[in-house]
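First up is the structure itself, then whatever we jot down about it.
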Amino acid sequence: MAGSAARSSVVRFCAWLVTAIFVIGLVGAASIVVSGWLIDGVEQANGSRRNAVERSALGDYFGAVSAIFSGIALLLLVTALLYQQLELRLQRTELALQREELAASRNELRRSAEADMRSLHVQLTQMAMADPALAAVWTTHHDEPEPTARQHLFANLVFSHFVLARSWGSYSDADLLAHAHGLLRNPAFLHYWDSTRSARSRLSPNSPEAQLAQLFEQAVSDLRHEPPPSTP
């Protein structure tokens, strides 16, 4: 099949080549015929071939002027093309800057919306901390004593603070891991963390909360394998 396809390609190429040669020959022959007609017309218009030759020689004196104007026209054309190319480059640069500004505006709007959402979360948590009746609706720790439930609400605010700080680049992962070590040494925060582990396991792995939770779980593992402090 490959051989037949190759032969077909060779046949098509030969056919195109023959056609092209025929067309070139036809155009050449037509050019010769047309040129003969034009020469006869010029000779008849000037009375004789001698007069046509003399007048053509007179026109050659203006050839240099024609060449100068042709060069000027070519220079103007090249200048116009270069100017157009420069203008297109400037337009592309301006469009790139506009795209960057739009991207920055979108990021700023996203951060503003995220900050507003975090602010609403803080307000709701504060209301739940101030009113046990509201805390019964907002939290899932119904079996915890009221002081412990409030501690859990506050611990959730602290964790949300670090989630927002990480998303804004305020802390590196190493900094957050150090903060996690400090928080998880606190028994109240550790109790909150252990009691909410099942709820965090249902988060999307790509969510900011789940990503920060992985750092805190690493801190938990580090603290469990940490040697006990030496006694004097």
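Of Thr125, Thr148, which residue is open to solvent by less than 50 Å² (accessible area, probe 1.4 Å), farther than 23 Å from Arg185 by Cα, touching a residue at least 24 places away in the same chain (Cβ under 8 Å) and over 33 Å from the mean Cα position of the chain (by Cα)? Before you say what the answer is, go through the steps one by one.
Working: Thr148 fails: farther than 23 Å from Arg185 by Cα.
The unique qualifying residue is Thr125.
Being among the hydrophobic types (A, V, I, L, M, F, W, C) and open to solvent by 50 Å² or more (accessible area, probe 1.4 Å) is the filter here; which residues of the range 174-198 pass it?
Keep residues of the range 174-198 that are among the hydrophobic types (A, V, I, L, M, F, W, C), which gives 174, 176-178, 180, 183-184, 188-190, 193.
Hits for the range 174-198 are Ala174, Ala178, Leu190.
Among the residues making up the range 154-173, those that are closer than 19 Å to Asp222 by Cβ, open to solvent by 40 Å² or more (accessible area, probe 1.4 Å) and part of a helix (DSSP H, G or I) are Arg166, Asp173. Selection over the range 199-209 of residues that are open to solvent by less than 70 Å² (accessible area, probe 1.4 Å) and either of a type in the set (Gly, Ala, Ser) or in contact (Cβ under 8 Å) with a residue 40 or more places away in the chain (or both) gives a count of 5.
Applying a threshold of 6 Å to beta carbon distances and a minimum spacing of six or more residues, or different chains, the list of pairs starting in the range 158-173 at a residue that is closer than 13 Å to Met117 by Cβ and ending at one that is part of a helix (DSSP H, G or I) reads Val163/Pro208; Val163/Glu209; Val163/Leu212; Leu164/Arg118; Ser167/Pro208.
Residues are listed down the side, and each one gets a yes or a no for (1) in contact with a Gly (Cβ under 6 Å, 6 or more places away or on another chain); (2) modelled with pLDDT of 85 or more; (3) among the β-branched types (Val, Ile, Thr); (4) in a helix (DSSP H, G or I):
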position: Glu101; (1), (2), (3), (4): no, yes, no, yes
position: Arg110; (1), (2), (3), (4): no, no, no, yes
position: Ala113; (1), (2), (3), (4): no, no, no, yes
position: Leu120; (1), (2), (3), (4): no, no, no, yes
position: Thr125; (1), (2), (3), (4): no, no, yes, yes
position: Glu144; (1), (2), (3), (4): no, no, no, no
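The values are calculated or read from the model by the stated rules, or taken from the named source; none is laboratory data. None of these values were measured; they are calculated from a predicted model. Every residue, glycine among them, receives a Cβ derived from its backbone with ideal geometry; neighbour counts consider all protein chains shown. Just the protein is used for accessible areas: all its heavy atoms, side chains included, with ligands, DNA and RNA removed. Shrake-Rupley method; radii C 1.70, N 1.55, O 1.52, S 1.80 Å.
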